[in-house]
Amino acid sequence: MTHPGADEAREKLLVNLTPELRRDLRIRAAEHGLNMQDAAVSAITLWLESPHPPEVETRGAKSWGVFLPAGGPARFTAECEARRLTKVQGMAQAIALWLEAHPSPTERRVAQPVKRILVGNQKGGVGKTFVASGLAQAMAEMGLNVLLVDYDPQGHLTSRLQIPGLPEGSDSLLKHMLGEADRHLARSLVALPHERFGGRLHVLPASKDAFLMDAKLALLQVGRDTCLARALAPVEDGYDVIILDGPPNLGLAIDLAINYVQRRPGELIDHSGILVPVWSDRSSFDAYEMLNEQIDTHCRMTGAVVDQLGFVVNAYDPRKGVGTRSFYEGWNELTTPGTLGTIRDLVEGREASDYQVPLLVHAPESEQAQVMRSLAKELAA
C-alpha cells in the first residue's frame with residue numbers, strides 16, 4: 001500500500017470521516033493540483049488557526065487515515081480535547097473549512113496523464129466485471145471519454161455487453177503487446193451504441209488468445225514489463241480514463257496491469273491505480289492479502305509506485321448473518337486504502353448481466369446505478 005516515504009517523518013492519524021467529505025476532499029484536491037494527503041494537512045492547519053468553526057454533520061462517518069507531519073496527530077488530538085470536540089467533529093470541521101477556502105477553480109491547474117484504473121482481485125466471482133463496467137458507464141455518462149478493456153481471457157465483459165469477441169487471427173491486445181499486430185489498435189475498439197453514453201464509451205473486446213498470454217509473454221525477452229503500456233499508448237490521447245477488467249489470477253498478465261497503472265512522473269497520488277472489488281467473507285480477505293503481497297513485490301523489484309484506490313464491497317446482504325456483517329465492518333475499518341462504496345445484492349444487477357444490457361441502461365435509477373455514479377464522481381477527480 002502506498003504512503004508517504006519514511007524520510008518525510010510522518011505519522012498516521014486514524015479518525016472517522018463521512019464518505020461525502022472524503023469524496024469532496026479528493027475531488028477538490030485534484031482540481032487544485034494537490035494530493036489528498038497534502039490537502040488534509042492544509043485543512044488541519046487551517047482548523048488550528050480557526051478558533052470557532054461551525055459544527056459539521058458527521059452521521060455515517062467511517063474509518064479513515066491521513067499521514068501528518070511528525071507530532072501532528074498528537075497536536076490535533078490535544079486541540080480537540082481542549083475544544084471539547086471529538087476527533088470526528090474536529091476533522092469534519094477542518095475539511096469543511098478547507099473546502100470553503102478552496103472553491104473549484106475555473107481551470108485544472110495541473111495537467112495529468114490519462115487516468116488508468118485496474119479493477120483487480122485474484123479471487124474470481126467478486127464482481128470485477130460488474131464494477132469495471134458500471135464504473136465505465138457512469139464515467140461516460142458524466143461526459144468523460146472512457147476505454148473499457150476486457151483484460152480477462154474468459155471474456156465475460158465482452159459477452160455481457162453483447163459485443164462479439166475479436167475473431168481468431170485478428171489483431172488482439174496480445175498481438176499488440178507482442179509487437180505482432182498489423183493494424184492500429186483503434187481498429188479493434190467498439191463503441192457502445194446507447195444514447196446515454198453519447199458515443200464516449202468504447203470497449204476493447206476479449207480475444208481467445210488471451211488464454212495464452214502468460215505463456216507467450218514469458219518468452220518475450222525485451223520490454224516485457226512495459227508491453228501493455230506500449231500496446232495501449234497509441235490510443236491513450238483519445239481518452240480521459242482507461243479501465244481494465246482484470247483476470248482472476250496472480251499471473252504475469254496481472255503483473256503487467258499493475259505496472260501499467262503505476263504512478264507516472266508528475267502524476268498525483270490516487271489519480272491512477274487499483275480498485276479492488278471484494279465480498280464480505282473470509283476468502284476475500286485472504287485473496288486481498290495475496291494481491292497486496294504481489295503489488296508490494298512488484299513495487300520492490302521494479303521501483304514502481306502503485307496506488308491502491310480503495311475497496312468496493314460487492315453483493316453485500318446483511319441478512320446473511322453475523323459473519324457477513326462482521327467481515328463488512330472489517331473492510332470499513334481498513335483505511336489505506338479505504339472502502340469507497342457498497343453495492344448491495346439486488347435484482348437489478350443480476351438482471352442487467354443476464355439480459356446482457358448495461359446496468360445504467362437497464363436500471364438507471366436503481367440503487368446500484370447510484371453507487372456507480374458516486375464511485376465515478378470520486379475516482380474521476
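The values are calculated or read from the model by the stated rules, or taken from the named source; none is laboratory data. This is a predicted model, so every value here is computed, not measured. Ideal geometry is used to build each Cβ from the backbone, glycine not excepted, and the neighbour counts take in all protein chains shown. With ligands, DNA and RNA removed, areas are computed over all heavy atoms of the protein, side chains included. Shrake-Rupley method; radii C 1.70, N 1.55, O 1.52, S 1.80 Å.
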For Arg10, the accessible surface traced by a 1.4 Å probe with all protein chains present amounts, in square angstrom to the nearest 10, to 70 Å²
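Report the local net charge at Thr129: Lys and Arg +1, Asp and Glu -1, summed over other residues whose C-beta lies under 12 Å from its C-beta.
-1
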Hey, with R₀ at 22 Å, roughly what FRET efficiency would Arg59 and Ser104 work out to, going by the Cβ-Cβ distance, to 0.05? 0.30
Given charges at Cβ of Lys, Arg, Asp, Glu: the chain dipole, positive-most of His176, Ile269, Ala39: Ala39
Could you check what % of the DSSP bridge pairs in the chain are antiparallel, to the nearest 5? 25 percent
Alpha carbon convex hull of the stretch 6-71, volume per residue in cubic angstrom: 101 Å³
Keeping every protein chain present and rolling a 1.4 Å probe, give me the accessible area per residue for the stretch 25-136 in Å². 44 Å²
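Order the following by accessible area, largest value first: Arg84, Arg264. Probe radius 1.4 Å; ligands, DNA and RNA are ignored.
On the way: Arg84 220, Arg264 70 Å².
Accessible-area ranking of Arg84, Arg264, largest first: Arg84, Arg264.
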Those aspartates and glutamates that a straight Cα-Cα span of less than 14 Å connects to Lys377, excepting residues fewer than 8 apart in one chain: Glu20, Asp24, Glu31, Glu141, Asp240, Asp270
By what distance, in whole Å, do the Cα atoms of the stretch 256-314 stretch along each of the three principal axes, largest value first? 37, 22, 15
Heavy-atom accessible area per residue, the stretch 256-337, 1.4 Å probe: how many Å²? 42 Å²
Counting only residues 5 or more places away or on other chains, whose amide H sits under 5 Å from the amide H of Gly310 once H atoms are built in the peptide plane? Val276
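Students sometimes get this wrong: rank His194, His184 by accessible area, probe 1.4 Å, all chains present, largest first. Let's see the in-between values first.
Numbers: His194 50, His184 95 Å².
So, going from the largest accessible area down, we get His184, His194.
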Each residue of the stretch 282-288 in turn: what ³J(HN,Hα) in whole Hz from Karplus with 6.51, -1.76, 1.60 and θ = phi - 60°, glycine and Pro shown as x? 5, 4, 5, 5, 5, 5, 5
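Projected area of the stretch 260-381, taken from the Cα convex hull and averaged over every viewing direction, in nm²? Mind showing how you got there, number by number?
On the way: hull surface 34.9 nm².
Computing the convex hull of the Cα atoms and averaging its projections yields 8.7 nm².
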Between the stretch 20-69 and the stretch 183-201, the Cα center-to-center distance that results, in Å: 38 Å
Mind running the shape call on the stretch 160-200? Use the C-alpha gyration tensor, a ≥ b ≥ c as the square roots of the eigenvalues: rounded below 1.5 for a/c, prolate if a/b tops b/c, oblate otherwise. prolate
Between Leu14 and Tyr355, what is the spin-label point distance in nm, taking each point 7 Å from the Cα along the Cα→C-beta axis? 4.4 nm
Determine how large the accessible area of Glu141 is when every protein chain is in place; take a 1.4 Å probe and give Å² rounded to the nearest 10. 50 Å²
Give a residue-ordered list of calculated ³J(HN,Hα) values for the stretch 146-161 (Karplus: 6.51 cos²θ - 1.76 cosθ + 1.60, θ = phi - 60°; whole Hz; x for Gly, Pro). 10, 10, 10, 9, 7, 9, 9, x, 6, x, 4, 4, 4, 5, 5, 9
Express in whole angstrom the spacing between the alpha-carbon centres of the stretch 211-245 and the stretch 258-280. 16 Å
Would you work out the charge dipole size for the stretch 236-381 about its Cα centre, treating the Cβ of every Lys and Arg as +1 and the Cβ of every Asp and Glu as -1, and quote it to the nearest 20 debye? 240 debye
Descending principal axes extents, the stretch 109-209, alpha-carbon based, whole Å: 40, 33, 29
Whole-Hz Karplus ³J(HN,Hα) for the stretch 197-209, in order, using 6.51 cos²θ - 1.76 cosθ + 1.60 and θ = phi - 60°, x for Gly and Pro? 9, x, x, 8, 10, 10, 10, 9, x, 6, 9, 4, 5
Got a number for the accessible area of Trp279? Probe 1.4 Å, square angstrom, nearest 10. 90 Å²
Gyration tensor verdict on the stretch 150-277 (Cα atoms; rounded if a/c is under 1.5, prolate if a/b is larger than b/c, oblate otherwise): rounded
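Which three numbers, in whole Å and largest first, are the semi-axes of the equivalent ellipsoid of the chain derived from its Cα gyration tensor as √(5λ)? Walk me through the intermediate numbers first.
On the way: eigenvalues 261, 104, 82 Å².
Semi-axis lengths for the chain are 36, 23, 20 Å.
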Sort out for me the Cα centre separation of the stretch 327-381 from the stretch 286-302, rounded to whole Å. 25 Å
